[in-house]
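In what follows, a structure is listed as structure tokens, so that the remarks can point back to it.
The values are calculated or read from the model by the stated rules, or taken from the named source; none is laboratory data. Because the structure is a prediction, the values reported are computed rather than measured. Here the Cβ positions follow ideal geometry from the backbone for every residue, glycine too, while neighbour counts run over all protein chains shown.
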Amino acid sequence: MVCFSAAWCPVTRRFMPKFVALNGKLPAILAIADITDKKDSLWDTFRIRITPSIIVFRDGDVQLRIDGRRFFGITDSALAGLREGFPSAQTA
């Protein structure tokens, strides 16, 4: 599970402690992709339009994607969905 983040985004900065708190609570390896530099190729490679965004991979394939919403980021209900087996999060 990768959270794409940018240090210049206040919504992302508020969200990151919530993402980090998931460590050990999900059957996933958590990683953070710092895409603070808008020229970083990860923006295009993974079609990131807003931070934070989370992509869950299995064997290199996208299984789930949660894109933040402008001014709101990723909602607590989407995070709860991750904890409960991904039912309330948007699928890729």
Those residues of region 10-39 that are at pLDDT below 90 and part of a helix (DSSP H, G or I) come to a total of 0
Which condition does GLY60 not pass, out of (1) without any contact (Cβ under 8 Å) to a residue 40 or more places away in the chain; (2) surrounded by 12 or more Cβ atoms within 10 Å (Cβ to Cβ); (3) at positive phi, if it passes all the others? (2)
Take ARG65 and tell me if it is of a type in the set (Lys, Arg) and loosely packed, with under 11 Cβ neighbours inside 10 Å. no
Which numbered condition PRO10 misses (of (1) more than 13 Å from the chain's Cα centre (by Cα); (2) in contact (Cβ under 8 Å) with a residue 40 or more places away in the chain): (2)
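I'd like the residue in region 40-55 that is without any contact (Cβ under 8 Å) to a residue 40 or more places away in the chain and assigned to a loop (DSSP other than H, G, I, E, B) and, out of all such residues, is surrounded by the most Cβ atoms within 10 Å (Cβ to Cβ). Talk me through it step by step, then tell me what you get.
Residues of region 40-55 without any contact (Cβ under 8 Å) to a residue 40 or more places away in the chain: 40-45, 47, 49-50.
From what is left, the residues that are assigned to a loop (DSSP other than H, G, I, E, B) are 40-41, 47, 49-50.
Numbers: ASP40: 15, SER41: 9, ARG47: 11, ARG49: 10, ILE50: 18.
Ranking the candidates gives ILE50 first.
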Pull up region 13-29, narrow it to residues that are without any contact (Cβ under 8 Å) to a residue 60 or more places away in the chain and touching a helix residue (DSSP H, G or I) at 6+ places or on another chain (Cβ under 7 Å), then point me to the one that is surrounded by the most Cβ atoms within 10 Å (Cβ to Cβ). LEU26
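Answer with yes or no whether VAL2 is within 20 Å of ASP59 (Cα to Cα) and surrounded by 11 or more Cβ atoms within 10 Å (Cβ to Cβ). Can you show your working first?
On the way: within 20 Å of ASP59 (Cα to Cα): yes; surrounded by 11 or more Cβ atoms within 10 Å (Cβ to Cβ): yes.
Answer is yes for this residue.
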